[in-house]
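Data first, discussion second: the structure below is written as structure tokens.
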Amino acid sequence: MATEQPAEPTEEQLEILEHNFCKVDKHPDATTLCLIAAETGLSEEQTRKWFKQRLSEWRKSEGLPSESGSVRD
């Protein structure tokens with residue numbers, strides 16, 4: 001695919017993703033994910049995967065299981 005996005009987000013994209021993760025919502029809904037994807041220029045799938053991986057990292061750093069259970073963070 002000629003239009004495939006790079007595997008790793010750029011530094012600017014990471015800043016936007018981190019800002020949204022830390023200041024806005026660790027669990028963005030579909031609409032918010034769409035807006036973040038549009039802002040970063042990443043696909044919705046790339047944005048969703050980034051949030052899932054980042055949430056797993058955050059949970060581990062907090063001493064929580066990497067997969068969420070019934071309690072929201």
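If the condition is being surrounded by fewer than 19 Cβ atoms within 10 Å (Cβ to Cβ) and hydroxyl-bearing (S, T, Y), then region 44-58 contributes only S56. Sub-9 Å Cβ pairs linking a first residue in region 60-72 that is within 18 Å of D25 (Cα to Cα) to a second residue that is open to solvent by 80 Å² or more (accessible area, probe 1.4 Å) and at pLDDT 60 or above, at least 6 apart or interchain, are S66/E57; S66/K60, ordered by first then second residue. Contact annotation: residue pairs with Cβ atoms under 6 Å, 6 or more positions apart or on different chains, pairing a residue in region 8-19 that is in a helix (DSSP H, G or I) with a partner that is open to solvent by less than 100 Å² (accessible area, probe 1.4 Å), are Q13/T40; I16/T40; L17/W50.
The values are calculated or read from the model by the stated rules, or taken from the named source; none is laboratory data. Small disclaimer: the values here were computed from a predicted structure and weren't measured. Note that we place each Cβ from the backbone using ideal geometry, even for glycine, and neighbour counts take in every protein chain shown. Surface areas here come from the heavy atoms of the whole protein model, side chains and all, with no ligands, DNA or RNA. Shrake-Rupley method; radii C 1.70, N 1.55, O 1.52, S 1.80 Å.
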